[in-house]
Amino acid sequence: TQPPLSRTLSPGESTTLSFQLTGDGPFSYQWRFDAMPIGGATAPVLNLPRVTAAQAGLYSVVVTGPAGTTTSPPASLALFDLEIAFSGSQMVPLLILDGGSGTSYRIEYCGALVPTNWTLLAPVTLQDRRLYYVDGPCRTYPRRFYRAVPQ
């Protein structure tokens, strides 16, 4: 088996969650969002077009077959966004992370989009469904890229 994988998206992006298993079927599937069944989501693949903050959270799939029923470990689907805010007279990056309560992430940054040069900014755990994180004033660096990596 291969459970669905956690991921972080930008608001409005689309994604597909999937669950793969082998064995003697037939199998039936029921996707769940934050432990509640999703109406009509009964295939091994779940397409999520144009994801919004309301869809950020924990996804799992219940699979039933001749040998019984099992539930996949939950996959975290998070949205990560950036706004520029003012603190006094300075501009500061305001990072916004939407996801499932209790999920953990590494917020990382880099000065160029080189995949191996990411630096940890902060480890965070969402206490609620939304987290705000303020980085230092923008004038201290000419360019900064951010990402949130599920843990």
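The values are calculated or read from the model by the stated rules, or taken from the named source; none is laboratory data. Just so we're clear, the structure is a prediction, and the values are computed from it rather than from any experiment. Positions of Cβ are backbone-derived with ideal geometry, glycine not excepted, and every protein chain shown enters the neighbour counts. We work out accessible area using only protein heavy atoms, side chains counted, and drop any ligands, DNA or RNA first. Shrake-Rupley method; radii C 1.70, N 1.55, O 1.52, S 1.80 Å.
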Identify which of the listed values of Cα Rg over 2.2 N^0.38 Å was calculated from the structure shown: (i) 1.04; (ii) 1.23; (iii) 1.14. (ii)
Antiparallel bridge percentage (DSSP; both residues within the range 21-148; nearest 5): 100
Length-normalised contact order of the chain, Cα under 8 Å, at least 6 apart, in percent, tallies to 22
In whole percent, and with a 1.4 Å probe on the protein chains, what portion of the accessible area of the chain is carbon and sulfur? 55
Peptide ranges 95-108, 29-42 listed from the most packed, as the mean C-beta count within 10 angstrom indicates: 95-108, 29-42
Distance between the range 72-151 and the range 1-49 - C-alpha centres, whole angstrom: 26
Of 22, 125, which has the most accessible area and how do the rest follow, probe 1.4 Å? 22, 125
